[in-house]
Amino acid sequence: MTGETPQLSVVQRLRKSPFYDATVRWGVRTFTVYNHMLMPTCFESTEADYWKLVTGTTLWDVAAERQVEIIGKDAFRLVRLLTPCNLSEIAVGQCKYAPVVDHNGGMINDPLITRLDDDRFWISLADSDVLLWAKGVALGMRLDVEIFEPDVSPLALQGPQSRAVASSLFGDWIGTLGFFRVRETELDGIPLVVARSGWSKQGGFEFYLLDGRRGEELWERVMHAGKPFGIAPAAPSTIERVESGLLSYGSDMTLDNNPLEIGLQKLCDLDQEFDFIGKSALREIRRAGVRQKLVGLTMGEQRLPGNQHWWPVLDTGDAVLGKVTSAVYSPRLQRYIGFAIIETGHAVPGKTVRVVSPHGEFPGLVGPASFETPPAHARRGSEKIS
Ligand code: THG
């Protein structure tokens with residue numbers, strides 16, 4: 001036994017992104033595995049990267065958010081079958097945050113769905129194998145569609161200064177692109193779809209690269225344009241996304257959760273006419289009432305690292321109420337915060353529960369699953385957590 005931190009064996013099976021070599025050159029320190037690919041998670045430190053995101057502008061290799069492309073006569077029908085979200089009005093050039101559920105109403109994924117043309121869609125995935133599910137559904141329902149993984153790799157520009165960088169790259173029209181709208185364009189001949197979206201609430205854009213051979217060129221071009229605005233390489237921030245109430249598939253939800261209990265009921269239209277997969281199951285869950293709910297927890301002022309497991313949540317007796325799904329130290333709130341999925345009867349704002357972590361037990365105050373943060377100012381601490 002050496003006691004050293006275990007390392008990941010990087011082999012061919014763990015696919016590299018078209019931006020991989022660029023991120024290594026720019027000092028990436030840690031990766032995670034996401035959709036069977038390597039995805040950067042940290043450059044300087046989790047907290048330093050977070051401050052750059054909330055105060056400036058950052059570039060993220062999120063090529064592991066793989067696309068499933070669906071084209072053909074029945075493409076719209078298939079996409080609608082896959083989600084409880086009401087897509088009847090989705091316009092060409094629009095995207096929607098749309099849960100994908102199975103016949104029991106269990107969460108298969110929580111992707112963005114983009115309509116590129118009347119009969120052409122992308123499903124931009126969180127970490128699960130939707131390509132196979134979509135192919136199975138199409139086969140079973142005898143739909144006239146083609147389903148494949150296109151050569152498309154998202155690169156995200158996120159943070160309050162992102163618009164300035166995007167304008168200097170593309171011109172002023174980018175400032176008029178609506179939220180969750182996309183437009184096909186190019187940059188020095190590099191083919192792209194540009195979207196106003198991204199997995200933070202700091203504002204920004206996503207550049208979907210349409211030619212995997214030109215990843216490094218695109219990365220360097222954006223870094224160069226961002227230099228006057230202090231751009232930095234970074235990655236999806238667990239701290240910021242918990243503060244902002246953005247959920248992560250695999251941590252905050254799995255196939256065992258339905259969208260109604262994790263706060264995604266607002267995205268589901270169970271009364272629409274269209275008979276999507278999981279409709280009767282979700283209607284029954286709504287009728288009976290959800291057994292558990294995802295809530296926000298404030299867990300004191302201790303500066304602990306994030307959780308690597310689900311931690312039990314107990315009541316004042318020893319009854320297990322559920323689990324903490326994500327936990328981070330918020331430098332802006334100066335509190336340890338997170339999400340938990342707990343029994344409905346205890347999922348009441350103001351209620352205190354007990355969190356059992358490897359760092360000890362501490363109380364958790366139940367509240368909304370999104371946190372009010374003060375504006376970023378000179379609170380920046382020097383301590384780093386990994
Ligand atoms: N961009 C792209 N693909 C993705 C993500 C992304 N795939 C994986 C993951 N992220 C999908 N999950 C989300 C979750 C939330 C949001 C986007 C993707 C999001 N939510 C806003 C909110 O909750 O306020 C807006 C929701 C709404 O208005 O409907 O942006 O980031 N390409």
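The values are calculated or read from the model by the stated rules, or taken from the named source; none is laboratory data. None of the values given here were measured: they were computed from a predicted structure. No Cβ is skipped: glycine too gets one built from the backbone with ideal geometry, and neighbour counts run over all protein chains shown. These accessible areas exclude ligands, DNA and RNA; they are computed on the full protein's heavy atoms, side chains included. Shrake-Rupley method; radii C 1.70, N 1.55, O 1.52, S 1.80 Å.
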Quick check: from the Cα gyration tensor, does the chain come out rounded (a/c under 1.5), prolate or oblate? oblate
Cα centre as origin, Lys/Arg/Asp/Glu Cβ charges: the chain dipole, Debye: 640
Which order do Arg29, Arg283, Arg291, Arg115 take by accessible area at a 1.4 Å probe, largest first? Arg291, Arg29, Arg283, Arg115
Which shape class, rounded, prolate or oblate, goes with the stretch 189-335 when its Cα gyration tensor gives a ≥ b ≥ c as root eigenvalues, a/c under 1.5 marks rounded, and past that a/b bigger than b/c marks prolate? oblate
For the stretch 191-205, in order, what is each residue's ³J(HN,Hα) by Karplus, 6.51 cos²θ - 1.76 cosθ + 1.60 with θ = phi - 60°, in whole Hz (x at glycine and Pro)? x, 9, 10, 9, 10, 9, 6, x, 8, 7, 10, 9, x, x, 9
Quick check: at a probe of 1.4 Å, how many percent of the accessible area of the stretch 216-362 sits on carbon and sulfur atoms? 49
For the stretch 1-98, which GluC sites (Glu not before Pro) are in a loop by DSSP, counting at most 16 other Cβ atoms within 10 Å? Glu4, Glu44, Glu89
Computed over the chain, protein heavy atoms only, probe 1.4 angstrom, the accessible area per residue in square angstrom equals 45
Added length on full extension, which subtracts the Cα-Cα distance from 0.36 nm per residue, Glu44 to Asp119: 22.7 nm
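Which value, in debye to the nearest 20, gives the size of the charge dipole of the stretch 1-84 about its Cα centre, when Lys and Arg are +1 and Asp and Glu are -1 at the Cβ?
420
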In nm, the gap between the two label points placed 7 Å beyond Cα toward Cβ at Asp172 and Arg29 is 4.2
For the residue pair Ala319 and Arg142, what label-to-label distance in nm results when each label sits 7 Å from Cα along the Cα-to-beta-carbon direction? 5.2
When every protein chain stays in place and a 1.4 Å probe is rolled, Asp118, Asp252 sorted by accessible area with the largest first are Asp118, Asp252
Structure-based [θ]222 nm, the chain - -39500 (n - 2.57) summed over DSSP H runs of at least 4, per residue, nearest 500: -5500 deg cm²/dmol
For the pair Val10 and Thr254, how long in nm is the line joining their label points, each one 7 Å along Cα→Cβ? 2.9
Per the charge dipole of the chain (beta-carbon charges, Lys/Arg positive, Asp/Glu negative, Cα centre), the residue among Pro160, Val92, Val137 reaching farthest to the positive end is Pro160
Ordering Leu246, Leu78 by the accessible surface of their heavy atoms, 1.4 Å probe, largest first, yields Leu246, Leu78
Excluding residues fewer than 8 positions from Lys52 in its own chain, the lysines with Cα under 30 Å of it are Lys16, Lys96, Lys201, Lys227, Lys384
Under 22 Å Cα-Cα from Lys351, which lysines qualify once same-chain neighbours fewer than 8 residues away are excluded? Lys293, Lys323
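Evaluate the charge dipole of the stretch 100-211 about its Cα centre and quote only its size in Debye, nearest 20, assuming +1 on the Cβ of each Lys and Arg and -1 on the Cβ of each Asp and Glu.
500
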How much accessible area does Cys85 have with a 1.4 Å probe, in Å² rounded to the nearest 10? 10
Taking a cut-off of 17 Å between Cα atoms, list the lysines near Lys279, but don't count ones fewer than 8 places away on the same chain. Lys266
Can you list residues from other chains, or at least 5 along the same chain, whose modelled amide H is less than 5 Å from the amide H of Leu116? Gly93, Phe121, Trp122
Note the full-extension length gain between Lys351 and Gln272 as 0.36 nm times their separation in residues minus their Cα-Cα distance, in nm to one decimal. 24.9 nm
